[in-house]
Each structure stands twice: as C-alpha cells, then as structure tokens.
Amino acid sequence: MTEREQLLDELRPVAFAIAYRMLGSVTEAEDVVQEALLRVHQALDAGEQIASPRAFVATVSTRLSINELRSARARRERYVGDWLPEPIITDRGDDPATHAERADSLSLAVLVLLESLSPEQRAVLLLRDVFDYDYPEIAAIVGKNEDNVRQLATRARRHVRMGRPRFQTTREQRDELARRFFAAAEQGDLAGLESLLAHDVSLTGDGGGKAPALARSQRGRSRVARTVVNWMRLAQGLPQVSSRLVDVNGGPGAIYLDGEQRLITVLALEVTDGQITGISAIANPDKLAHLGPVADLGALLRSRG
C-alpha cells in the first residue's frame with residue numbers, strides 16, 4: 001500500500017462516521033465517502049498542501065452530506081409508511097463506523113430524532129457533541145460565523161434533549177434485557193414480554209412499500225407485546241427461519257434469516273432505565289442489501305399457503 005493509499009484508508013472511517021450520522025443511510029453515506037476521498041486525491045494531485053487531511057475530509061463530508069440531506073428529505077416525504085435509517089451491524093470489536101466517539105449517536109432512535117433538525121443544525125450538533133470539534137472549526141466547516149454556529153447548536157441540543165431518554169442502562173443490563181425479550185417473544189410469553197416493556201413503548205416497522213410491515217407505528221405495552229408475539233408466530237411458521245442476536249447501531253437486536261441464509265428483517269431494541277422503550281423492524285430490502293443477500297418476505301409469506 002502506497003503512502004497515498006494508506007492515508008485514504010485512514011480517512012475513510014472518518015468520512016463514513018460523519019456521513020452516516022448525517023444521512024441515516026449506508027448507501028448515501030458511501031457515496032459521500034467516495035466523493036470526499038476523490039477530492040482529497042485530486043487536491044493532492046494538484047499539489048495542494050493539506051495541513052490536516054482529517055479536517056479536510058470532515059469538511060468535505062459534512063458539506064456533501066448537507067447537500068444530500070436536502071434532496072433526500074424530498075424523497076422521504078414521499079416514502080411509503082414509516083421511515084427508519086438503514087441499520088448497521090455493530091458487533092463488539094467490529095464497528096463499521098470506526099472511531100465513533102459516542103456509540104449512542106448511532107442508535108436508530110437518535111437518528112430518527114435528528115431527522116427533525118435542519119441539515120445545518122444536524123451537522124453542527126454532530127460535529128460539536130459527537131466528534132468534539134470546537135466552534136471556530138465548525139464555523140469553517142459549515143461556512144457560517146461562530147455566533148450562528150453556537151445558536152444552531154443551542155437550538156438543536158434543546159430539541160434533541162427534549163426527545164432523549166433521561167436515564168441510561170448499562171451494557172450488561174441491556175444485553176440481559178434483550179435476551180429475555182427475544183426468549184419471551186419466541187415462547188409466546190405475553191405476560192413475560194409485557195413485563196420488559198415500558199408503558200409507552202413504541203413499535204415501528206419499515207417496509208418502504210416493498211415488504212410487509214406495519215401500516216403505522218404502535219404504542220403501548222399491551223398492544224406492542226401482542227403484535228410482537230403474533231410476528232414471532234408468523235416467523236416460526238415460515239420454512240427454516242433462523243435468528244441471531246447481534247448489536248444493531250450500537251444497541252441490542254437480532255437478524256432473521258430464511259433457509260438459504262438470506263436476510264428477512266433486522267430488529268433493533270431501544271433500552272432505557274431497565275426497560276425496552278422502542279422496537280424498530282426494518283424489512284425494506286433496499287435498506288438491507290448492504291448487509292448481504294435479502295429474502296423476498298412477501299414470497300415467503302405466500303409460501304405458507
């Protein structure tokens with residue numbers, strides 16, 4: 001590997017960490033990463049002196065992400081059903097968003113919450129609170145003065161704090177809760193399942209009009225528990241379906257596979273203060289393709305007769 005190739009390889013996870021959190025899409029983030037690295041390569045070829053390649057790629061990735069997010073929002077307004085980010089599998093020691101300073105900034109719930117911010121607010125909040133850039137650096141990156149950047153950060157932080165859980169749960173508690181959740185769901189233990197859920201737990205499915213999913217989000221312990229148990233019964237009736245517990249976006253979850261080891265859906269849990277507060281199920285094949293071969297869930301359901 002040449003010195004140039006090594007540099008670009010080191011900058012790739014920096015660009016991805018920013019772009020994915022900005023966009024909530026692996027596909028769109030990878031496009032940003034490729035363009036950002038190309039610009040680094042072109043700048044070096046032109047003899048430009050880059051004092052800090054990391055700052056250079058952070059600036060390019062952020063600006064490209066802001067532009068992409070503006071166009072993506074129009075597409076998301078036409079999206080069929082609830083929109084969830086593309087999930088990434090973040091098993092311990094193998095985080096695709098390498099060098100992420102804050103694992104909770106990867107959670108699906110946080111990424112959905114960030115959708116309500118303007119692209120500039122989202123960029124400023126992430127650069128300041130996740131990646132620890134100071135305000136003068138952020139001002140240079142987003143092309144605004146420092147006072148404007150501070151105002152954007154304050155507004156964004158106030159909004160996000162309103163929607164963030166107050167109490168956190170340790171990894172050990174979280175993993176044990178997830179193990180009990182999936183065991184109760186697979187056993188059809190409705191009472192056991194309800195005991196693990198917060199009273200206002202939410203359940204969101206994302207099929208994107210391309211796979212069977214909930215028409216709208218559900219909320220409430222009893223309703224969500226019944227729906228999860230029904231889902232599991234349906235899954236158990238499909239031929240050779242298997243599941244595996246994994247970390248999804250830094251939190252507990254599971255993947256479901258058909259008999260040919262093709263992905264059916266990704267399930268992610270949001271755990272706060274010893275209870276499950278959110279469940280996300282992503283079945284849209286377009287959002288799973290980066291993880292491997294994807295099954296046709298509709299065909300699998302029809303095969304049951």
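The values are calculated or read from the model by the stated rules, or taken from the named source; none is laboratory data. Just so it is clear, the model here is predicted, and its values are computed rather than measured. Cβ placement follows ideal geometry from the backbone for every residue including glycine, while neighbour counts extend to all protein chains displayed. Heavy atoms of the whole protein, side chains included, go into the accessibility calculation; ligands, DNA and RNA do not. Shrake-Rupley method; radii C 1.70, N 1.55, O 1.52, S 1.80 Å.
Structure notes:
- The one condition in (1) over 14 Å from Thr277 (Cβ atoms); (2) more than 22 Å from the chain's Cα centre (by Cα) that Arg221 fails to fulfil: (1)
- For segment 191-206, the set of residues classified as assigned to a loop (DSSP other than H, G, I, E, B) and either in contact with a Gly (Cβ under 6 Å, 6 or more places away or on another chain) or among the hydroxyl-bearing types (Ser, Thr, Tyr) (or both) consists of Ser195 only.
- With respect to (1) open to solvent by 40 Å² or more (accessible area, probe 1.4 Å); (2) modelled with pLDDT under 90; (3) within 16 Å of Asn249 (Cβ to Cβ), the lone exception for Ser71 is condition (3).
- Any hit, segment 252-262, residues being farther than 19 Å from Leu196 by Cβ, in contact with a strand residue (DSSP E or B) (Cβ under 8 Å, 6 or more places away or on another chain), open to solvent by 10 Å² or more (accessible area, probe 1.4 Å) and of a type in the set (A, V, I, L, M): yes
- Any hit, segment 142-157, residues being under 25 Å from the mean Cα position of the chain (by Cα) and either more than 30 Å from Thr59 (Cα to Cα) or open to solvent by 70 Å² or more (accessible area, probe 1.4 Å) (or both): yes
- Subset of segment 225-246 that is within 20 Å of Leu197 (Cα to Cα) and basic (Lys, Arg) - its residue that is most open to solvent (accessible area, probe 1.4 Å): Arg233
- Hits in segment 168-187 - residues which are closer than 12 Å to Ala225 by Cα and open to solvent by less than 30 Å² (accessible area, probe 1.4 Å): Phe181, Phe182, Ala184, Ala185
- Test result for Arg161, closer than 18 Å to Arg21 by Cβ, open to solvent by 70 Å² or more (accessible area, probe 1.4 Å) and at pLDDT 90 or above: no
- Residues considered: Arg39, Arg12. Of these, the only one that is part of a helix (DSSP H, G or I), more than 25 Å from the chain's Cα centre (by Cα) and either within 20 Å of Tyr133 (Cβ to Cβ) or modelled with pLDDT of 95 or more (or both) is Arg39.
- Answer residue from segment 263-305, given it is of a type in the set (S, T, N, Q) and either open to solvent by less than 30 Å² (accessible area, probe 1.4 Å) or under 15 Å from the mean Cα position of the chain (by Cα) (or both) and is nearest to Arg180 (Cα to Cα) among those: Thr272
- Residue match in segment 207-215 (condition: outside any loop (DSSP other than H, G, I, E, B) and either open to solvent by less than 30 Å² (accessible area, probe 1.4 Å) or at positive phi (or both)): no
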